[in-house]
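Asker: Starting off with a structure, shown below.
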Amino acid sequence: MTPPSPCKNCGMALTDDNKFCPRCGTPTDPTDLSTVPGVSQPIAPANYGSPPHGAPQQSPYPSNPYAPRPPWYIRNRSTIVLIALVVLLILSGIIGYSVFTRGAIQASATATAQTQANATATAIAIATGPPIGFSVTTLHSGQVIPHGIAFTINGTYSSAGSGRVWVVLEDNLGQYYLQTPPVRFNGDGTWIAMNINPALEITRVDFVYVTTAGDMLFKQKVAAKDFGAFSTLPADSTPPLQSIPIVVS
């Protein structure tokens with residue numbers, strides 16, 4: 001049996017059963033607050049014994065080092081999704097660029113073809129149409145021409161066109177007289193009309209462009225030596241390229 005211990009306040013001998021000194025009432029165990037009247041026992045908080053806030057929860061059971069790991073595509077699914085998005089964006093850009101480039105190439109090819117077609121049509125129109133830039137250099141308005149003497153007229157041009165241009169003399173009654181040969185284009189930007197022989201009643205020299213049908217009609221008149229007066233020019237002819245008034249004396 002443990003020998004009695006004295007009271008820490010008055011020295012009275014105490015037994016193990018004494019929680020207070022019989023003499024002065026001092027507690028035998030000052031740390032045991034539950035024995036002190038009027039002192040409540042502190043209550044532990046609800047989270048007492050739990051890890052601090054934010055600390056990872058610890059499993060009460062040790063992890064199994066032999067447990068199978070998840071497949072790689074599960075462990076790296078975020079990375080796989082990101083890579084798929086990047087690849088999708090790249091493919092979308094490539095497809096969009098291809099479509100745009102193809103459209104631009106087609107538009108350019110169409111424009112080039114249209115330009116070539118226009119150029120071809122223009123070339124055909126020029127080659128089969130009247131001459132361009134046709135002008136007379138050796139005959140002037142009101143010029144006096146001697147009667148009974150054939151003379152030559154010269155001029156220039158930019159494009160010969162079909163080259164079907166004839167000289168037709170016109171009298172004071174509006175009658176026409178065909179001259180032969182037709183205007184000759186020299187290929188160097190100059191032309192010449194020879195054997196022009198006006199009568200006294202002639203008042204104008206006309207340079208007439210004709211189509212294939214008109215050219216054939218004029219050639220038939222030459223072949224038949226029909227140089228008499230006629231009242232109308234061929235239906236498919238244009239207004240005279242040049243019409244120059246003259247005086248025959």
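Asker: Looking at the stretch 190-249 from every direction and averaging, what is the projected area of its Cα convex hull in nm²?
Answerer: Hull-based average projected area comes out at 5.0 nm².
Asker: Run the numbers for residue 151 and residue 105: contour at 0.36 nm per residue of separation, minus the present Cα-Cα distance, in nm.
Answerer: Here the segment from residue 151 to residue 105 would lengthen by 10.6 nm.
Asker: Which value, in debye to the nearest 20, gives the size of the charge dipole of the stretch 135-248 about its Cα centre, when Lys and Arg are +1 and Asp and Glu are -1 at the Cβ?
Answerer: Dipole magnitude for the stretch 135-248 comes out near 200 debye.
Asker: Two decimals is fine: what is log10 I(q)/I(0) at q = 0.11, 0.12, 0.13 Å⁻¹ for the stretch 109-249, from a Debye sum with one equal scatterer on every Cα and no solvent?
Answerer: -0.44, -0.51, -0.58
Asker: Just in the stretch 142-217: which trypsin sites (Lys or Arg not before Pro) are loop by DSSP and have at most 14 other Cβ atoms within 10 Å?
Answerer: Passing sites in the stretch 142-217 do not exist.
Asker: How big, on average over all directions, is the shadow cast by the Cα convex hull of the stretch 140-212, in nm²?
Answerer: Averaged projected hull area, Cα only: 5.2 nm².
Laboratory data are not the source of any read-out in this text; all were calculated from the coordinates shown. For clarity, every value in this text was computed on a predicted model and none was experimentally measured. Backbone-built Cβ (ideal geometry, glycine too); neighbour counts: all protein chains shown.
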